[in-house]
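Taken together, the values in this text are just the output of simple stated rules run on the coordinates, not laboratory data. Everything numeric here is computed off the predicted structure, so don't read it as measured data. Cβ placement follows ideal geometry from the backbone for every residue including glycine, while neighbour counts extend to all protein chains displayed.
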4 protein chains.
Amino acid sequence: MSEFAESPAAGAAAADGGVRGTGVWLVGARGSVATTVVAGCAGLVAGLYPATGLVTETEEFAAAGLPALSSLVFGGHDTVDWPLVKRAEMLGEQGVLPYGLVRAVRGELAVADGEIRPGGPAADDGRSDEELIAAFAADIEGFTRRRGLARTVVVNVASTEPVAVEGGRLPASSLYAAAALRAGCAYVNFTPSAGVGHPALEELRGRADVPWAGRDGKTGQTLLRAVLAPMFRQRALGVRAWSGTNLLGGGDGAALADPAAAAAKNAGKNRVLEDNLGALPEGEVHIDEVPALGEWKTAWDHVAFEGFLGSRMVLQTIWQGCDSALAAPLVLDLARLAARAQEAGIAGGLAELGFYFKDPDGGSAALAEQYDALVAFAARLAGGR
Amino acid sequence: MSEFAESPAAGAAAADGGVRGTGVWLVGARGSVATTVVAGCAGLVAGLYPATGLVTETEEFAAAGLPALSSLVFGGHDTVDWPLVKRAEMLGEQGVLPYGLVRAVRGELAVADGEIRPGGPAADDGRSDEELIAAFAADIEGFTRRRGLARTVVVNVASTEPVAVEGGRLPASSLYAAAALRAGCAYVNFTPSAGVGHPALEELRGRADVPWAGRDGKTGQTLLRAVLAPMFRQRALGVRAWSGTNLLGGGDGAALADPAAAAAKNAGKNRVLEDNLGALPEGEVHIDEVPALGEWKTAWDHVAFEGFLGSRMVLQTIWQGCDSALAAPLVLDLARLAARAQEAGIAGGLAELGFYFKDPDGGSAALAEQYDALVAFAARLAGGR
Amino acid sequence: MSEFAESPAAGAAAADGGVRGTGVWLVGARGSVATTVVAGCAGLVAGLYPATGLVTETEEFAAAGLPALSSLVFGGHDTVDWPLVKRAEMLGEQGVLPYGLVRAVRGELAVADGEIRPGGPAADDGRSDEELIAAFAADIEGFTRRRGLARTVVVNVASTEPVAVEGGRLPASSLYAAAALRAGCAYVNFTPSAGVGHPALEELRGRADVPWAGRDGKTGQTLLRAVLAPMFRQRALGVRAWSGTNLLGGGDGAALADPAAAAAKNAGKNRVLEDNLGALPEGEVHIDEVPALGEWKTAWDHVAFEGFLGSRMVLQTIWQGCDSALAAPLVLDLARLAARAQEAGIAGGLAELGFYFKDPDGGSAALAEQYDALVAFAARLAGGR
Amino acid sequence: MSEFAESPAAGAAAADGGVRGTGVWLVGARGSVATTVVAGCAGLVAGLYPATGLVTETEEFAAAGLPALSSLVFGGHDTVDWPLVKRAEMLGEQGVLPYGLVRAVRGELAVADGEIRPGGPAADDGRSDEELIAAFAADIEGFTRRRGLARTVVVNVASTEPVAVEGGRLPASSLYAAAALRAGCAYVNFTPSAGVGHPALEELRGRADVPWAGRDGKTGQTLLRAVLAPMFRQRALGVRAWSGTNLLGGGDGAALADPAAAAAKNAGKNRVLEDNLGALPEGEVHIDEVPALGEWKTAWDHVAFEGFLGSRMVLQTIWQGCDSALAAPLVLDLARLAARAQEAGIAGGLAELGFYFKDPDGGSAALAEQYDALVAFAARLAGGR
């Protein structure tokens, strides 16, 4: 175990003088986002990088009583079994994880790797939904107990599911969500999949005494739309058409090339425009899989708007970012906020976290208002200590 | 007078059963912006166009007691003497004013033309600053009296002045501003010129019992920066460099090709970034005169930012708009708000109008907060009735 | 006839001292492109505008013996019956045709309007393909005879057809093409529709003694691709993915929102990349109908390419143009070149006109080489006089 | 010396059975471009990467008798003395050189490092121009002799010099160029500096029996302009304004922030437009130093053009590339071509290499024609064997 001894994050739970750690159980734990979450958190705890992109590390959140980054302990489910360290090395070669980080945090990656359990269901899985939920819940409970954690937050960072699932089976994202609720865990859905919102989970949601938040992290095009659409409304300009194209490499691009998965994603994107502008303007959104882009994504938006006396004008935006690097700090933020909310006795859908989502559980669709709501939530958490 | 009889705006002051009109005195009254203001207001009053771009026509402002568009009466100063109708026809040919509008509002343009007085000072003008201020004030007072107006707001929409003016003389914009204050008029500076903010006007400002607002209308690149910069801060992303290039045709492009005039403009643009981001990032702003663009302008912005673990990402924006069509509704908004503020007994710099300006008299630099402040101001005006 | 007397184009055929005019028979004669062709030609002949965009008016073509613009006489088929003058006025209001042109060329528009015959077939048209071809051919022959023309070129500028047509019937574009060949006319297909290339016309093509050219005019995104793709190849750079989105207002946008029509268009677009790069890279092309754009179109292209040692780089292009204004001069060029080719006794597919097409009848796919081939063709035409 | 024994490039000259190596003497030998040239060539020779970006490795050049990459031997001058390996490691961390390459070619970098001599002159250098030229020439001759090379090509890849140099002294680039000629070496100027073209070197050029080529490698914005400008001319479109902004990190950005250095660069950029369009359109070019971009550069171009009937349209391009990765393969190409030209007895300015330069020694300014000239030159070299 000497390898782990050097690793502040891994030992944090025990070392922190009586304060127990907080679990972060990642559904899709061997994917790019999860790998970046685990490696990045370790790098931050080791003081190798500043906390860029982590909203919860800004001063507005200092008094909110959030669990320290050094107290986070990672585990999760995944259907593939390549080692986390291998994935991290791949991300290093693609320039997603910086030169040197992967070597520095091999220990923490190995610890997390040891806490990843097989996900499901496989195509030929003979288990019933109920059996799967029970198995997943047992995995999570075992992790929490074994690592001596105060609580565990379940975060879905798996690939986007198609909207409709054939057969009587629940979609996988909802099986995991049900397991989270069954295990008494807060739940965050960072994807457009159904998750905890599935109609079949209504009764379970009603009984559950935990907070949840979602859905679909807002990391690029929709983030921009959530700040630009309010500008058009406030300036009384008439948006005639808002068109967009997303080019995605990596796994999400492949998943979203499926029209059904893309439909789930686009529903959220459209909601941002409709809520902010009062009506959905003309225009389509395309999501293209472009493997050559690797972990990078590009979003082009074209807004045709009308000004005084019907004058025709255009705004175009081009956003080029690394999907995992955009998502990972938000995942850490959400895990900390949800854990603290649960500690503070808050349950149900957290509309206050709409800042992070394309399709939130209520609240404003304008980013500035969502930020105000988030800061107010932090104050409420601070007050509740 | 039969020509005017058909014109609702021109006759409004007298026809409105006892309610006296509100004067809008435009410094630079024969320019593109002023011409668009006069023609556009007439077109709106005649019901030819919806009030796109006029924030004061949205429901948030319905109870604020603003003067009706139909009660606005236009006049102004200019150093050139081409007829307003000719200018409007030129703007029609360039596609700035719509096909048909110019013909429909010839009467209103002629009325406003009759209220434009020679500006100054000319290079060889023998008059002292004091004599010029007195003459300009007399022009404004004559207009207010002759047209039986309740009050007049002076709005500077002239070309940008160089930062430094040699000789002992005040810059022209400050002569006009002093005249406005002398005449007891509210004053709005839509340009980056010194205007009422000149140090030599300090005593006059102290004595004046009128409101003023400025400076430099926010109509394109800086408008976008005022919504995008807060997003980077709220998301804890590190803006490394914010670079921009503006291509302007028309008069403003020529004025801003002068490095001293451009410096005045860029100070405001930088302030938006510095105030919103906490520090001014790397990057320059260029303003190029490109006569081929006519009345249109294009602004390209390139934001190099850093995310989680130092990942390098880029946002680019391209804004293509018609300068006059972007500015004109804001000028109408500002004239109405300033007139109503004066009526309500409010004096001094109106920080609440920061929504409209690159370099406002205080307040937040984030557009969403500026909008909230503006709506609160409208409520205050409504309460004061 | 006094109206026509003022019109140089209309009277040209008769007035030109024994030289007979050349007919240009437009399939889709009441559409935006056709209207721009007729109005624009008249405007040029009247000396109101320079010949911008007309390649055949540059010095390289001076000796080729092309019919003068003033000798062109317009007619055509269309399935709608709004007056050409009305359509031109609409285009004027949208800024496609310049302020003043429509009034100046009303006479020429009316003359052309008088030469437009009902197209087809309607959904419930009881006539056989053979009867339709005969009727269309009779229309064209009647026009040529009535106007005393030396010859007539048929140009297809109708909306794009779906790839597959149900029923046993030939697609309309091929009925018109067959009529052209039957009437002994040169034929130009400016659209991606099947036209003269339909397999069922093989025997007719074999017997015909006229030239033809196509297909699908290269006016924006594909024009750019035809110059940029050769650059990547010549520089030995590796294009990894070439993605693109087209936003089209107007009629073509609507037609291409039909996936089958879009497929026809995209085949041509892909061919340009494949032929120039040696292989088709990753990447999709989207064609969106955005009615708010009116007659304007925007094409965004994103090229992910690889340089030395696998370095990843990106080129993006944004093309904003007016579809009709881009197409119309090419239609005039093609009509003149095809007419002259027929006069010179050249028959069959004109690969030398690949400069104008997305999907030409052979030859290089690189614009520079296509231009060289075109200039060489002009020299050949000059030599043949 | 065992370290070098593993290195094919280093040992190539001796190992190649009687065929002597070719020297590549880099002025600015410790800069990013030079480091990428040395490391990249070694990586290619070792079979680690395909020859992407190397035009001379395409089949059109197979018969031209160019020196093999494995026969190239590197040395050079520089005024700084950090180790080449350190520089390569820095480029690796910035993602310019790929993960793994630096380690694989440490040996080759060390060999080249041993052949770098101090450049000059320093500000307080007491030597005369004549003494400096003699010293530089001796360095080059010593390298050629010591390594047993058939010949050496001198390539200037140093930072751009200001246009005007005060004092009587020749600019450094011209001192090096004179040394190259004195040493009987072919000379390539990859920068906009004066180099061999300085008026004071006229007599020396007249006497020299070597080939030379320049100037200013065409790697981004100007490369695009050289393919796009011909398109506008061939299509008879009227370019009204061509505006551009370059954002450069790294050394070249800093050098070009000096207006005098930028002026040298812009002269070349303008020449491409003027030669291709027949006249220089409106529009400026800005070169901004943006250190946050590191080794990457972004160029935005905005082309306002006029089509049929004066319609206004716009093309914009955004080029994002790694400067060193764009330049390095061209440097290898040029060194090979110049060496072979000298071997073939060709002397004087090589207009045939205009494909590589912004401001070539004559020939067409259109890339497609420059490529044809280059391929013809390769055929001539093949014929001369």
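Under a point-charge model restricted to the Cβ atoms of Lys and Arg (+1) and Asp and Glu (-1), what is the dipole moment magnitude of region B:156-236 relative to its Cα centre, in debye to the nearest 20? Write down the numbers at each step before the final one.
Values: 9 positive and 6 negative charges, 80 e Å.
So the dipole magnitude of region B:156-236 works out to roughly 380 debye.
Return the calculated 222 nm mean residue ellipticity for chain D, to the nearest 500 deg cm²/dmol, obtained by summing -39500 (n - 2.57) across DSSP H runs with n ≥ 4 and dividing by the residue count.
Values: 14 runs with 161 residues, N = 385.
Only helices count here, giving -13000 deg cm²/dmol.
Hey, could you get me the Stokes-Einstein D for chain D, Kirkwood radius over alpha-carbon pairs, 25 °C and 0.890 mPa s, rounded to whole µm² s⁻¹?
115
Mind giving me the FRET efficiency for B:Ala267 and B:Ala351? R0 is 25 Å, r the Cβ-Cβ distance, nearest 0.05 is fine. Before the final figure, lay out the partial values.
Details: r = 18 Å, r/R0 = 0.72.
Once rounded, the FRET efficiency stands at 0.90.
Taking a label point 7 Å out from Cα toward Cβ, give me the nm distances from D:Pro50 to the same spot in the other copies, shortest first, one decimal.
Here D:Pro50 shows inter-copy label distances of 4.1, 4.5, 5.3 nm.
Normalise the Debye intensity by I(0) for region A:132-239, one equal point scatterer per Cα, no solvent, then take log10 at q = 0.11, 0.13, 0.15, 0.20 Å⁻¹ and round to two decimals.
-0.45, -0.58, -0.70, -1.00
Assigning unit charges at the beta carbon (Lys, Arg +1; Asp, Glu -1) and nothing else, what dipole magnitude in debye, to the nearest 20, does region B:306-365 show about its Cα centre?
Values: 4 positive and 7 negative charges, 24 e Å.
It comes to approximately 120 debye.
Please give the average number of partner chain Cβ atoms lying within 10 Å of the Cβ of each residue in A:216-229, rounded to a whole number.
Details: counts 0, 0, 1, 2, 2, 0, 0, 3, 5, 0, 1, 10, 5, 1.
Mean partner-chain Cβ count within 10 Å for A:216-229: 2.
For A:Arg215, what charge total do you get from the other residues with a beta carbon under 9 Å from its beta carbon, if Lys and Arg give +1 and Asp and Glu give -1? All intermediate terms of the calculation are to be shown ahead of the outcome.
Details: positive: A:Lys358; negative: A:Asp216, A:Asp359, A:Asp361.
Surrounding charge for A:Arg215 is -2.
How far apart, in nm, are the 7 Å Cα→Cβ label points at A:Asp125 and B:Ala68?
According to this spin-label approximation, the distance is 6.9 nm.
Over the residues of region D:221-321, compute the C-alpha Rg and express it relative to 2.2 N^0.38 Å.
Working: Rg = 14.3 Å, N = 101, 2.2 N^0.38 = 12.7 Å.
Against the compact-globule rule of thumb, the ratio is 1.12.
Give a residue-ordered list of calculated ³J(HN,Hα) values for region B:299-312 (Karplus: 6.51 cos²θ - 1.76 cosθ + 1.60, θ = phi - 60°; whole Hz; x for Gly, Pro).
10, 10, 10, 10, 10, 8, 10, 10, x, 3, 6, x, 4, 8
Given a cut-off of under 8 Å on Cα pairs at least six residues apart, what relative contact order in percent is computed for region A:221-322? Before the final figure, lay out the partial values.
Details: 187 pairs, mean separation 38.5, N = 102.
Dividing the mean separation by the residue count of region A:221-322 yields 38 percent.
Can you work out the FRET efficiency for the pair A:Arg145 and B:Ala344, with r the C-beta to C-beta distance and R0 = 60 Å, to the nearest 0.05?
Working: r = 67 Å, r/R0 = 1.11.
With R0 = 60 Å, the Cβ-Cβ based efficiency is 0.35.
In nm, what does the list of distances from D:Ala123 to its counterparts in the other copies look like, shortest first, when each label sits 7 Å along Cα to Cβ?
Distances between equivalent label points, in nm: 4.2, 7.2, 8.4.
Counting Lys and Arg as +1 and Asp and Glu as -1, what is the net charge of the other residues whose Cβ lies under 15 Å from the Cβ of A:Leu204?
Numbers: positive: A:Arg182, A:Arg205, A:Arg207; negative: A:Asp129, A:Glu130, A:Glu202, A:Glu203, A:Asp209.
Net charge around A:Leu204: -2.
Once Rh is set to the Kirkwood radius over Cα pairs, what Stokes-Einstein translational diffusion coefficient, in µm²/s, holds for region A:134-190 at a temperature of 10 °C and a viscosity of 1.306 mPa s? Can you show the working numbers first?
On the way: Rh = 12.2 Å.
Diffusion coefficient, whole number: 131 µm²/s.
Here is the link list: B:Lys297/C:Lys269; C:Lys297/C:Lys358; A:Lys297/D:Lys297; A:Lys269/B:Lys218; B:Lys358/C:Lys297; A:Lys297/A:Lys358. Which ones come out longer than 26 Å on Cα distance?
B:Lys297/C:Lys269; A:Lys269/B:Lys218; B:Lys358/C:Lys297
Provide the descending list of Cα extents for region B:7-156 along its principal axes, expressed in whole angstroms.
The Cα atoms of region B:7-156 stretch 48, 38, 26 Å along their principal axes.
Taking the 0 to 90 degree range and rounding to the nearest ten, how far is the long axis of helix C:323-343 tilted relative to the main principal axis of chain C, both from C-alpha atoms?
Result, in degrees: 60.
Take the Cα coordinates of the protein assembly as shown, assign each an equal point scatterer, and use the Debye formula without solvent to give log10 I(q)/I(0) at q = 0.05 Å⁻¹.
Log10 I(q)/I(0), no solvent term: -0.47.
What FRET efficiency, computed as 1/(1 + (r/R0)^6) with R0 = 60 Å and r the Cβ-Cβ distance, is obtained for C:Arg103 and D:Lys86, rounded to the nearest 0.05? Could you put the intermediate results ahead of the total?
Values: r = 73 Å, r/R0 = 1.22.
Here the calculated transfer efficiency is 0.25.
Whose Cβ in chain D comes nearest the axis that rotates D onto C, and by how many Å?
Of all Cβ atoms in chain D, the one nearest the axis gives D:Ala368, 2.
Quick check: the distance between the Cα centres of region B:125-183 and region D:100-174, to the nearest angstrom?
Between the Cα centre of region B:125-183 and that of region D:100-174, the gap is 65 Å.
If each label sits 7 angstrom from Cα along the C-beta direction, how far apart, in nm, is B:Ala104 from its counterparts in the other copies?
Counterpart label points of B:Ala104 in the remaining copies fall at 2.7, 6.5, 7.0 nm.
Net charge near A:Val303, counting Lys/Arg +1 and Asp/Glu -1 over other residues with Cβ under 12 Å of its Cβ?
Working: positive: A:Arg225, A:Arg240, A:Arg312; negative: A:Glu282, A:Asp301, A:Glu306.
Neighbour charge sum, excluding A:Val303 itself: 0.
Determine which aspartates and glutamates satisfy two conditions relative to D:Lys86: a Cα distance under 18 Å, and not lying fewer than 8 residues away in the same chain.
D:Glu3, D:Asp78, D:Glu108, D:Asp113, D:Glu115, D:Glu295
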